[in-house]
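Inspection log for the structure reproduced underneath, given as structure tokens.
The values are calculated or read from the model by the stated rules, or taken from the named source; none is laboratory data. Small disclaimer: the values here were computed from a predicted structure and weren't measured. Ideal geometry is used to build each Cβ from the backbone, glycine not excepted, and the neighbour counts take in all protein chains shown. Note: areas computed on protein heavy atoms with side chains; ligands, DNA, RNA excluded. Shrake-Rupley method; radii C 1.70, N 1.55, O 1.52, S 1.80 Å.
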Amino acid sequence: MSKKLFLGFAPEPHNLAKLLRLQHELHPWLNRNAKPVAVANLHLTLAFLGQVPPTEMERLRKAVAKLHKPAFSLTLDRLRHWSGPKILCLSGEVADPGLAALASDSQRLCHELGLHCSEQAFIPHISLFRKVKQAPEPVPEPISLTPHKLHLYESLSAEDGVHYQIIESWELTSD
């Protein structure tokens with residue numbers, strides 16, 4: 001059975017606390033049916049891989065293991081609202097060349113493996129709410145991320161919603 005997969009980064013514990021505080025501060029500014037993303041699901045997606053059949057899992061793991069995975073830092077400092085999927089997220093610019101290279105290499109890997117390739121430019125972001133009708137007014141306090149690992153996540157659907165489970169991790173290198 002195929003697995004719905006993506007590559008991403010988990011926020012450090014101190015940043016999870018900041019993200020939860022931001023959700024709490026923003027909630028009163030949003031429409032009533034806006035739904036906060038569960039703390040266990042907060043992450044920054046590097047590349048959505050789509051449905052990956054079991055026969056391709058080992059090939060995918062080996063390809064990700066071979067990727068150059070440089071350490072990077074990223075500042076998320078603005079709210080972004082995507083009206084189509086009705087998502088409110090905290091986003092930033094790709095200023096670090098290591099992150100830019102990793103994002104580009106991940107899309108190349110997707111193309112080479114015949115997986116989902118994004119048609120849009122990489123915008124680093126962490127989704128905070130779903131079912132949001134419009135962006136709120138407050139300007140958030142910037143959050144600086146310095147992940148230490150790249151994770152392969154599986155998206156699992158359940159009666160109580162979607163859950164993201166880390167199924168493999170690779171250290172980022174500081175070389």
Residue-span extension gain [E58 to S157] - 0.36 nm each, minus C-alpha spacing: 33.3 nm
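Check each of the GluC sites (Glu not before Pro) in the range 135-175 and keep only those in coil by DSSP with at most 10 other C-beta atoms within 10 angstrom; list them in order.
Numbers: sites: E154, E159, E168, E171; in loops: E159.
Here the GluC sites (Glu not before Pro) that fit, given the DSSP loop and packing criteria, are E159.
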Accessible-area composition of the range 106-175, carbon plus sulfur, in percent [1.4 Å probe]: 48
Relative contact order (percent, whole number), the chain, Cα cutoff 8 Å, 6+ residue spacing: 34
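Under the 0.36 nm per residue contour assumption, what length would be gained going from the current alpha-carbon distance of S104 and W29 to full extension?
Numbers: separation 75, 0.36 × 75 = 27.00 nm, distance 3.54 nm.
Once the chain is fully extended between S104 and W29, it gains 23.5 nm.
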Restraint check, K18/K86; K3/K62; K35/K86; K4/K131, Cα-Cα greater than 20 Å: K18/K86; K4/K131
Rg/Rh (Cα only; Kirkwood hydrodynamic radius) as it applies to the range 11-104: 1.02
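Which of the peptides 135-142, 106-113 is most tightly packed, and how do the rest follow, judged by the mean count of other Cβ atoms within 10 Å per residue?
On the way: 135-142: 13.1, 106-113: 16.9.
Descending packing order for the listed peptides: 106-113, 135-142.
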Unit charges at the beta carbon, dipole of the range 32-175: most positive-side option, V39, V132, L156: V132
Computed magnitude of the charge dipole of the chain (debye, nearest 20; Cβ of K, R +1, Cβ of D, E -1): 460
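Tell me the per residue accessible area of the range 60-175 using a 1.4 Å probe; a whole number in Å² is fine. Write down the numbers at each step before the final one.
Numbers: 6460 Å² over 116 residues.
Each residue of the range 60-175 exposes 56 Å² on average to a 1.4 Å probe.
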